[in-house]
Amino acid sequence: MTSISAANGVLSFQPKAGSYFYETFECQAATSNNYNSIQFTIKGVSGGSGTLEIQTKSACSAASYTSYYTSFSGLTGQSQTITIPLTQFSGANGNAITGFVWSGFSSTSATWQLSNVQLGCSGSTGGSSSTGAVSSTVRPSTASTVSATRTTLSTAIAPTGTCATTLIDDWTSQSRLTFMFYNSFAKASSSDGTMTSLTVGKPSKNRVEIVPKDTSSYFYSQFGCYNAKAKGNAGISLRIKAPAGTTFSIELDSSSSCDPTAAQAFTQTTTQLGWTFNGQEQLYTIPFSKYSGLNTEKLTTILFSAFTKTVSFGPMAFYCGTTGEYKVTTTEPVSTPTSFVSTPSGTAAAYVIDRFANANSNAGGFWHGGDEGMKLTYSGGLTIQSTDADYSFYTQVSGSCSDFSKYKGSYLHIAYTGSTKFTVAFQQHNSACNSEIAPYPFTWDSVEASRYASNGHIYIPISHFNIDLTKAIGFALKGFYTAETVKLTVMEIVPSVPSGFRVPNDEESGDLVFACKRPNSFAFAIDDGVPDLAQEVLKIIREENIKVTFFTVGMPLLDDTTNLTNVYKEMQAAGHQIALHSNTHPKMEGLPDYGSIDWEYNEDIKVMKSQFGIDTSYFRPPFGNEGARMRSRLAKSVGRKPTITNWSVDVEDWLWAETDTPEQQKTAFQRDVNKGGNLVVLHYLYPSTVSYLREFIQIAKATGKQLMRVDQCMMDPNAPPL
């Protein structure tokens with residue numbers, strides 16, 4: 001622990017990564033004495049979580065114990081009583097309990113408190129943890145007996161036999177697996193393209209579907225150099241669903257030098273392990289004892305190969321004892337509105353924007369249409385099918401700027417059938433109302449369609465769109481996070497909503513920016529790259545005497561082999577801004593639910609704090625992908641109004657850097673600067689891009705604008721002075 005103390009019956013502590021606290025006592029026959037739960041009072045960070053281990057013996061007379069684990073989550077930030085049924089610890093012997101261990105604390109910067117640890121004889125007896133439920137029926141007389149031998153020694157060595165189930169992968173992120181190629185260890189995990197597909201979240205959450213091309217397909221996950229022997233792990237467990245007759249091979253590698261490329265491989269088939277499949281998900285174990293010669297002190301890799309059929313895996317972990325399972329316990333954030341607002345009538349007359357009657361124009365005679373890739377079908381309305389969260393359908397209210405200020409008290413009404421899993425955005429023009437000037441649009445605000453939808457109708461107060469209403473361009477339906485269709489029959493502005501229709505509260509959606517706000521300013525905002533090119537980038541910006549902003553992805557910072565943490569520490573020390581760019585670089589609005597979006601933000605925030613001590617509200621969406629859910633969840637994650645930083649100058653390195661005409665990057669940069677763009681996106685992924693960086697900077701300087709960090713160009717009062 002970083003610190004630990006006890007006073008007035010409360011233990012206070014600040015954990016380090018890997019810290020734990022344990023209570024041991026005389027063996028308790030809890031079940032026979034009618035106790036069915038473990039209860040404790042805990043105070044952690046809001047949204048925090050942890051792991052609880054129970055240690056039980058086969059009988060109180062036995063010499064050794066076995067550990068079983070569960071997780072608790074959804075902490076409120078206030079003291080609360082947690083009741084966990086003993087049945088939650090699948091396989092544990094409730095008649096021979098010898099200890100409990102708290103570990104896996106989600107925050108290492110906060111002070112936690114623990115008290116009132118006792119066995120309970122009432123409360124939930126189901127299969128899930130009860131977080132925040134205060135029980136008033138615990139018998140204190142028995143609690144004092146149970147806890148009479150408790151210890152709070154912070155420097156004690158963990159008792160012999162203590163073992164923790166260690167997660168290898170919980171299949172929580174598609175982009176972590178197939179874009180970043182990492183597992184939960186932040187170590188390499190990939191099929192090297194040999195599979196037809198690896199699909200996270202299929203057939204259910206925290207599962208991955210593995211579809212082989214043929215029996216030569218393989219999939220591996222690395223551990224670094226994992227000492228399972230020292231940690232007490234006896235093997236690897238995971239849940240598997242596979243059709244009857246499925247077979248495959250499981251290879252475990254160990255290396256005396258800890259080099260996975262110089263490892264010894266040991267293989268067993270599913271048949272040799274005694275596994276059979278019946279189409280139902282079951283828990284399977286890979287005991288190290290089956291792999292003769294394997295060095296369990298220096299494990300490097302597990303590799304699955306020779307699949308004969310499609311399979312799905314559940315969470316994979318090193319287990320303790322003779323068996324064990326890592327169970328992922330999460331609390332999905334509430335996605336339905338929890339509060340509603342009054343709906344006074346406006347004074348402006350109704351205005352029909354679109355009846356979706358044809359492909360060329362809307363009811364006002366202005367353009368409407370969708371991005372290439374969307375399926376648009378006009379027949380008694382418009383049916384939209386979108387397979388990408390980047391696609392949008394637009395319907396304009398003006399060929400230039402339209403003053404919608406008279407509609408501030410009115411409502412946007414959309415009649416629909418089908419899905420509401422999309423964003424409704426209201427777009428604002430630039431100050432010149434000129435589409436040839438960058439940025440165009442200048443910005444927009446977004447709301448989540450499903451929050452405002454009921455019985456085939458969506459009603460959104462115009463006041464919920466935080467834009468300059470005097471410069472309205474039009475509306476966009478965007479950020480589709482399902483391929484399900486929606487059919488639209490009318491979009492209009494109306495002065496009131498039907499009686500009984502409830503409109504939810506407006507949510508903070510942040511500030512979506514494409515340009516600097518400070519007059520005569522220009523900012524280079526640089527996304528992640530490769531460490532080998534980082535020193536050249538630093539050299540150029542140092543010699544050009546400018547400060548820039550780096551938006552960094554969290555996951556690679558935990559991978560020591562990238563050296564990116566040291567790279568960004570050097571950038572930070574040189575006075576450059578470091579900001580958020582997600583944990584694994586997905587299209588944020590395309591993620592399936594709030595929990596997945598929150599995970600990306602919270603993990604990135606956690607890494608930024610642990611590696612750099614940074615608490616920032618600046619975020620660049622991967623791929624520039626934006627929508628209502630990712631905006632509102634970002635605001636909740638950072639705890640204040642965020643700055644969602646897109647761009648008005650794109651060097652198009654993603655398009656040109658590795659072609660025969662990489663100089664097109666200079667053309668793209670100059671084109672956008674000529675339009676008035678002053679906020680850059682580029683990556684230091686490619687040598688050609690970095691080779692042009694000095695020229696980019698000199699072109700920007702030639703505009704006469706002052707080059708600075710993003711927070712400075714946004715006139716942030718907390719930014720360092722110029």
When only residues in the stretch 512-530 that are surrounded by fewer than 17 Cβ atoms within 10 Å (Cβ to Cβ) and not basic (Lys, Arg) count, which is modelled with the lowest pLDDT?
530
Number of the exception - residue 337 against (1) more than 30 Å from residue 49 (Cα to Cα); (2) touching a strand residue (DSSP E or B) at 6+ places or on another chain (Cβ under 9 Å); (3) touching a residue at least 24 places away in the same chain (Cβ under 8 Å):
(1)
Which of the following residues is in the same structural domain as residue 388 (by TED's automatic domain parsing), in a loop (DSSP other than H, G, I, E, B), of a type in the set (Asp, Glu) and at pLDDT 95 or above: 492, 484?
484
Of these, 426, 393, which one is closer than 24 Å to residue 510 by Cα, touching a His at 6+ places or on another chain (Cβ under 8 Å) and in the same structural domain as residue 456 (by TED's automatic domain parsing)?
393
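Looking only at residues that are loosely packed, with under 15 Cβ neighbours inside 10 Å and either in contact with a strand residue (DSSP E or B) (Cβ under 6 Å, 6 or more places away or on another chain) or in contact (Cβ under 8 Å) with a residue 60 or more places away in the chain (or both) in the stretch 372-387, which one is farthest from residue 478 (Cα to Cα)? I'd like the intermediate steps shown before the answer.
First, the residues of the stretch 372-387 that are loosely packed, with under 15 Cβ neighbours inside 10 Å: 372-373, 375, 377-380, 387.
Then drop every residue that is not either in contact with a strand residue (DSSP E or B) (Cβ under 6 Å, 6 or more places away or on another chain) or in contact (Cβ under 8 Å) with a residue 60 or more places away in the chain (or both), which leaves 375, 377, 380, 387.
Working: 375: 13, 377: 16, 380: 21, 387: 11 Å.
Among those residues, the one meeting the criterion is 380.
With under 31 Å from the mean Cα position of the chain (by Cα) and over 21 Å from residue 426 (Cα atoms) as the only criterion, which of 379, 386, 342, 312 stands out? Let's see the steps before the verdict.
Numbers: 379 fails: under 31 Å from the mean Cα position of the chain (by Cα); 386 fails: over 21 Å from residue 426 (Cα atoms); 342 fails: under 31 Å from the mean Cα position of the chain (by Cα).
Exactly one residue qualifies, and that residue is 312.
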When the residues of the stretch 699-718 are narrowed to those that are touching a residue at least 12 places away in the same chain (Cβ under 8 Å) and of a type in the set (A, V, I, L, M, F, W, C), which ends up farthest from residue 672 (Cα to Cα)?
715
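Could you run through the stretch 57-78 and say how many residues are over 27 Å from residue 17 (Cβ atoms) and either in contact with an Asp or Glu (Cβ under 8 Å, 6 or more places away or on another chain) or at pLDDT 85 or above (or both)? Outline the logic, then answer.
Applying the first criterion (over 27 Å from residue 17 (Cβ atoms)) to the stretch 57-78 yields 57-64.
Applying the additional criterion that residues be either in contact with an Asp or Glu (Cβ under 8 Å, 6 or more places away or on another chain) or at pLDDT 85 or above (or both) yields 57-60.
The number of residues fulfilling the criteria is 4.
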Return the residues of the stretch 228-241 that are at pLDDT 95 or above and surrounded by fewer than 19 Cβ atoms within 10 Å (Cβ to Cβ); say none if nothing qualifies.
239
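Criterion first (in the same structural domain as residue 306 (by TED's automatic domain parsing), assigned to a strand (DSSP E or B), among the aliphatic types (A, V, I, L, M) and at pLDDT 95 or above) does residue 244 satisfy it?
no
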Among (1) among the polar types (S, T, N, Q); (2) surrounded by fewer than 18 Cβ atoms within 10 Å (Cβ to Cβ); (3) modelled with pLDDT of 95 or more, where does residue 323 come up short?
(3)
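Residue-by-condition table, conditions (1) under 19 Å from residue 556 (Cα atoms); (2) at pLDDT below 95; (3) outside the structural domain of residue 179 (by TED's automatic domain parsing); (4) not hydroxyl-bearing (Ser, Thr, Tyr):
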{"position": "594", "(1), (2), (3), (4)": "no, no, yes, no"}
{"position": "613", "(1), (2), (3), (4)": "yes, no, yes, yes"}
{"position": "617", "(1), (2), (3), (4)": "no, no, yes, no"}
{"position": "630", "(1), (2), (3), (4)": "no, no, yes, yes"}
{"position": "639", "(1), (2), (3), (4)": "no, no, yes, yes"}
{"position": "700", "(1), (2), (3), (4)": "no, no, yes, yes"}
Name the residues in the stretch 581-631 that are in contact with an Asp or Glu (Cβ under 9 Å, 6 or more places away or on another chain), of a type in the set (Asp, Glu) and more than 21 Å from residue 337 (Cβ to Cβ), would you?
626
Scanning the stretch 639-669 residue by residue, those within 17 Å of the chain's Cα centre (by Cα) and surrounded by 20 or more Cβ atoms within 10 Å (Cβ to Cβ) turn out to be 642, 644
Just checking, does the stretch 661-674 include any residue being touching a residue at least 60 places away in the same chain (Cβ under 8 Å), farther than 21 Å from residue 589 by Cβ and of a type in the set (A, V, I, L, M, F, W, C)?
no
Within the set of pairs 6+ apart or on separate chains, which have a first residue in the stretch 250-266 that is farther than 20 Å from residue 216 by Cβ, a second that is among the basic types (Lys, Arg) and buried (at least 17 other Cβ atoms within 10 Å of the Cβ), and C-beta atoms under 7 Å apart?
254/298; 255/298; 256/298; 258/298
Quick check: anything in the stretch 59-68 among the aliphatic types (A, V, I, L, M) and under 18 Å from residue 320 (Cβ atoms)?
yes
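How do the helices (runs of 4 or more DSSP H) wholly within the stretch 575-691 filter down when requiring 3 or more residues that are touching a Pro at 6+ places or on another chain (Cβ under 9 Å): which remain? Reasoning before the result, please.
Numbers: elements: 594-612, 628-638, 653-656, 664-674.
Because the criterion is at least 3 residues that are touching a Pro at 6+ places or on another chain (Cβ under 9 Å), the helices (runs of 4 or more DSSP H) in the stretch 575-691 that meet it are 594-612, 628-638.
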Of all the strands (runs of 3 or more DSSP E) wholly in the stretch 1-74, which have at least 3 residues that are touching a Gly at 6+ places or on another chain (Cβ under 9 Å)?
20-28, 37-43, 50-56, 66-72
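One line per residue, one yes/no per condition, for (1) surrounded by 16 or more Cβ atoms within 10 Å (Cβ to Cβ); (2) of a type in the set (A, V, I, L, M, F, W, C); (3) in contact with a Lys or Arg (Cβ under 6 Å, 6 or more places away or on another chain):
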{"residue": "25", "(1), (2), (3)": "yes, yes, no"}
{"residue": "44", "(1), (2), (3)": "yes, no, no"}
{"residue": "83", "(1), (2), (3)": "yes, no, no"}
{"residue": "90", "(1), (2), (3)": "no, no, no"}
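So if I check each of 526, 546, 493, 540, which one is in contact (Cβ under 8 Å) with a residue 40 or more places away in the chain, farther than 24 Å from residue 382 by Cβ and more than 33 Å from the chain's Cα centre (by Cα)?
When all the criteria are applied, what remains is 540.
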Among (1) surrounded by 16 or more Cβ atoms within 10 Å (Cβ to Cβ); (2) touching a Ser or Thr at 6+ places or on another chain (Cβ under 6 Å), residue 483 falls short only on (1)
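Which strands (runs of 3 or more DSSP E) does the stretch 350-462 wholly contain that include 3 or more residues that are modelled with pLDDT of 95 or more and farther than 25 Å from residue 624 by Cα?
Details: elements: 351-354, 368-370, 375-378, 382-385, 392-396, 411-418, 423-428, 443-448, 457-461.
It comes to 351-354, 411-418, 457-461.
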So residue 397 fits all but one of (1) in contact (Cβ under 8 Å) with a residue 60 or more places away in the chain; (2) in contact with a Ser or Thr (Cβ under 8 Å, 6 or more places away or on another chain); (3) under 27 Å from residue 461 (Cβ atoms); what number is the exception?
(2)
How many of the residues in the stretch 538-574 are assigned to a helix (DSSP H, G or I) and of a type in the set (S, T, N, Q)?
5
Can you find a residue in the stretch 2-15 that is at pLDDT below 85 and over 17 Å from residue 117 (Cα atoms)?
no
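The values are calculated or read from the model by the stated rules, or taken from the named source; none is laboratory data. What you see is a predicted model, and the numbers here were worked out from it, not measured in a lab. Methodologically, a virtual Cβ is constructed for each residue, glycine included, from the backbone with ideal geometry; neighbour enumeration extends over all protein chains shown.
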